[in-house]
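What follows is a short report on a single structure.
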């Protein structure tokens, strides 16, 4: 005896097919005549993303140190100069990484190429060829 389940064909199935609850549906797909794709250098894009990530992390660090420094100065806490130094260091790092990210972004724009593809293989169905709007 085999372990495989019994296969049932359409004629052997019982019951009536269910009606479409949405009624007759009409779907229209508009396809442009051309598609433009901007091709970029993947290694430059990866470098750009890394520099932007580092810039975002450093922006949080320098803002956090700036707030801590201001609160330490207002409260006359002896660690205020350390917070001020950390603020300046993180601000400089933020500016350096932000500048590098902008430089990589300009490289990305300069090295990109645009490819134009013609979409001519899309043809209307037999039903739509007989009808016009």
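A few notes on this one:
- Ratio of the Cα radius of gyration of the stretch 40-119 to 2.2 N^0.38 Å, where N counts its residues: 1.63
- Computed over the stretch 40-119: relative contact order in percent, which uses C-alpha pairs under 8 Å that are six or more apart: 47
- Compared with the direct C-alpha span, the chain from residue 111 to residue 89 gains 4.6 nm at full extension, assuming 0.36 nm per residue.
- R0 of 41 Å, Cβ-Cβ distance residue 20-residue 118: FRET efficiency to nearest 0.05: 0.70
Every read-out reported here was derived from the displayed coordinates using simple, explicitly stated rules and does not represent laboratory data. Fair warning: this is a prediction, and the values are worked out from it, not measured in the lab. Glycine gets a Cβ as well: all are built from the backbone with ideal geometry, and neighbour counts include every protein chain shown.
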